[in-house]
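Notes follow the structure.
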Amino acid sequence: MKYKNLADMFFQKKNEFPGKIGFQYKKDDQWVPLTFSDAVDIAEKLAAGLASLGIKKNDKIAIISQNRYEWALTDYAVQSLGAVLVPVYPSLMPDQVEYIINDSESVVVIADDDFQKKKLDQVQKNLKFTNHFIMIDPGDLKIAEPWKSFNGMLETGESFLSDNKDYVLKAIDNVKADDWATIIYTSGTTGEPK
């Protein structure tokens, strides 16, 4: 195998295709390109930001979000630490979201917007393992503890990397190809998600 693991495969794209467009997203009805180099930089900063929170190998990180480039980069960031991503269907009701987060023992939850944040706020006191909450797109919403913004996590990660330059790359080296990458639950239409 050419790559050690999925995170290594993604991070190598920075060297293999630095200026090539890896992602595109819509902003103000215009497509905005994101090169592989920039995408890897974002994933590395997010991974470092998560590491600064104490996230380590095998920790579970839940994400409740619509499809967006930050979702994909979060997946690579989590995998680069050897942690496990737990995607949560954004259409689930708060009690189902609570069940998945608790059952998976997720220590961080990442929500894409205020709609998902409100669901999590309803069940936050019932979350047994979750210590950190991150919001991708707060819009005009003022973020307050225990919530952190995605961009704030990137800034934290950049600062963390200034003192620990190769932290994420070393973490990737410790991820085995057969380590868990994700835990996917059913939608729970006939009972609790499984």
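Observations on the model:
- The residue that is surrounded by the most Cβ atoms within 10 Å (Cβ to Cβ), among those in region 1-23 that are assigned to a strand (DSSP E or B) and without any contact (Cβ under 8 Å) to a residue 24 or more places away in the chain, is Gly22.
- Any hit, region 181-190, residues being open to solvent by 70 Å² or more (accessible area, probe 1.4 Å), more than 30 Å from Lys27 (Cβ to Cβ) and modelled with pLDDT under 95: yes
- Residues in region 114-130 that are in contact with a strand residue (DSSP E or B) (Cβ under 7 Å, 6 or more places away or on another chain), open to solvent by 10 Å² or more (accessible area, probe 1.4 Å) and closer than 20 Å to Gly152 by Cα: Lys117, Thr130.
- In region 115-127 there is no residue that is under 28 Å from Asp179 (Cβ atoms) and among the aromatic types (Phe, Trp, Tyr).
- Within region 141-175, the set of residues being part of a loop (DSSP other than H, G, I, E, B), at pLDDT 95 or above and either in contact with a strand residue (DSSP E or B) (Cβ under 6 Å, 6 or more places away or on another chain) or within 22 Å of Pro87 (Cβ to Cβ) (or both) comprises just one member, Val175.
- Checked against the criteria, Phe133 does not count as buried (at least 18 other Cβ atoms within 10 Å of the Cβ) and either aliphatic (A, V, I, L, M) or assigned to a helix (DSSP H, G or I) (or both).
- Residue among Ser52, Ser37, Ser65, Ser106 that is buried (at least 22 other Cβ atoms within 10 Å of the Cβ) and among the hydroxyl-bearing types (Ser, Thr, Tyr): Ser106
- Of the residues making up region 68-96, just one is of a type outside the set (Asp, Glu), open to solvent by 60 Å² or more (accessible area, probe 1.4 Å) and assigned to a helix (DSSP H, G or I), namely Trp71.
The values are calculated or read from the model by the stated rules, or taken from the named source; none is laboratory data. Predicted model, so just to flag it, every value in this text is computed and none were measured. Here the Cβ is made from the backbone with ideal geometry for all residues, glycine too, and neighbour counts use every protein chain on show. Surface areas here come from the heavy atoms of the whole protein model, side chains and all, with no ligands, DNA or RNA. Shrake-Rupley method; radii C 1.70, N 1.55, O 1.52, S 1.80 Å.
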